[in-house]
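Here's the structure, in structure tokens; my notes come after.
The values are calculated or read from the model by the stated rules, or taken from the named source; none is laboratory data. Every value quoted in this text rests on a predicted model; they were computed, and no experiment measured them. Reconstructed Cβ throughout: ideal geometry from the backbone, glycine too, with neighbour counts over all protein chains shown.
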Amino acid sequence: MATSLSSAPAVAHCPALFLAAPASGQGKTTITAALARYHRDLGRKVRVFKMGPDYLDPQILQQASGQPVTQLDLWMAGTEYCRHQFYLAAQAADLILVEGAMGLFDGEPSSADLAMTFNIPVALVMDVKGMAQTAAAVALGLADFRDDVEFCGLVANNCGTQRHAQLITDALDGRMPLLANLARDPEVSLPERHLGLVQAEEVRDELEVRFNLGKAWLGEQAICDLPAPVTFASQDIAPPKKLLAGTKIGIAKDAAFSFIYSANTRLLEAMGAELHYFSPISDAHLPQVDALWFAGGYPELHAEKLANNISMLKDVSNFNAANKPILAECGGFLYCLESLTDLDENTHRMCGILSGQGAMRGKRGCQGMQSAMLPEGEVRAHAHHRSRSQNTPAPIAHGKRQRHPAPGEAIFRQQGLTASYLHLFFPSNPEAVAQLFTNPVQAQG
């Protein structure tokens, strides 16, 4: 169990491991989930963090670990926020696991930057199918790329035989341990769809089977050993002001709308908001609330049910006509348009509180970090979608891309509605977010 030095410790200590890869698609989530379940079943409290603005991986990892999973990103959330989250976890957990994003050194900041900032050793997950000694060359090359990142070993995924593993071990030549060699097993791999993994709620029982198979798949290899403790320093963060005291916020949450950061809902509650969850798919009416939040998700997969829920569409329209605050992000933005064309090219009626039509566009999409340049203030955000909108009104602003001068996603405001493809990270500007849900600045003209 993590230990503290006093009643108000300056540091906390907890075994920690950062699972990263040379590229996406190497099996990080599958292995992280299996490892979390392995230790959980030994009676250990496992806290998992996910690098970057990801919604689907954390759902899987939360089910595997039985603990909340928080997204961490040095740009979107800030170093102080990340330090505070690690410190809180280290005080209570027996093991901290961090799953990286993309390739280890991809992005600014990268997974390597997060691991380096908090001195968490990296286990390199690599799909070694079709190579042997070259896998060792890639692993050692990554380890030598920067001298400020600590590597603890290689996890060889899709490793065909013991002979295959021995060739990799010999080529590593004692410069890096082979922590595990894992044969390909489609029964363990996690299900996917067009934006990534399938949502955990859709396949909960299937995931349980895969977690248990994954635990056996790991066996008793070195990757299963508890890593060395890491020291996490405290970070004093002032509690947010009670800017939402007495405010009732309705949050759409079902199979169509589930891309919700736990950090966002925790902040809303910390600011005094009363949260009421509802389903635009199955509930006949909105709850009695002061503001609404339609987060992202997969409305295109449930467009017919959303369109057929006429009483809900009418309630949303009336709520908007009353000039009450509504925040609509990505999938929620599509729901607010006049119509949505799904992947089968069927067009369905939506709320119609914002002019325009949405349509899915297959595998081509948009993603990246942006700041939402709102009248209330700048809020860090990101975009990730495979749809387009057209015939929308003039935007009041655009997202500011992290490292590119071109305008980012359009931001729309009509009545109390704020709508965009951007997913906002609320803790980056609590005051601006509180105003969005209470008194958004009215669009001019």
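Quick check: is even one residue across the stretch 203-222 surrounded by 14 or more Cβ atoms within 10 Å (Cβ to Cβ), within 19 Å of Ser428 (Cβ to Cβ) and of a type outside the set (Phe, Trp, Tyr)? The answer is no, given that none of the residues of the stretch 203-222 is surrounded by 14 or more Cβ atoms within 10 Å (Cβ to Cβ), within 19 Å of Ser428 (Cβ to Cβ) and of a type outside the set (Phe, Trp, Tyr).
The listed residues are Ala383, Ala434, and the only one of them that is part of a strand (DSSP E or B), in contact (Cβ under 8 Å) with a residue 24 or more places away in the chain and hydrophobic (A, V, I, L, M, F, W, C) turns out to be Ala383. Candidates in the stretch 411-431 are the residues that are over 17 Å from Ala295 (Cβ atoms) and outside any loop (DSSP other than H, G, I, E, B); of these, the one that is farthest from the chain's Cα centre (by Cα) is Gln414. (1) within 25 Å of the chain's Cα centre (by Cα); (2) surrounded by 21 or more Cβ atoms within 10 Å (Cβ to Cβ); (3) not basic (Lys, Arg): which one isn't true of Val316, the others all being true? Condition not satisfied by Val316: (1). Pairs linking a residue in the stretch 123-134 that is free of Cβ contacts under 8 Å to residues at least 60 places away in the same chain to a residue that is among the small types (Gly, Ala, Ser) and crowded, with 24+ Cβ neighbours inside 10 Å, with Cβ atoms under 7 Å and 6 or more positions apart or on different chains, are Val128/Ala135; Val128/Ala156.
Taking the criterion of being in a loop (DSSP other than H, G, I, E, B) and touching a residue at least 40 places away in the same chain (Cβ under 8 Å), the residues of the stretch 392-410 that qualify are Thr392, Ile396, Gln402, Arg403. Taking the criterion of being in contact with a His (Cβ under 9 Å, 6 or more places away or on another chain) and of a type in the set (A, V, I, L, M, F, W, C), the residues of the stretch 293-312 that qualify are Ala295, Ala303, Leu306, Ala307, Met312.
Per the conditions (1) closer than 25 Å to Arg380 by Cβ; (2) at pLDDT 95 or above, the sole criterion not satisfied by Leu42 is (1).
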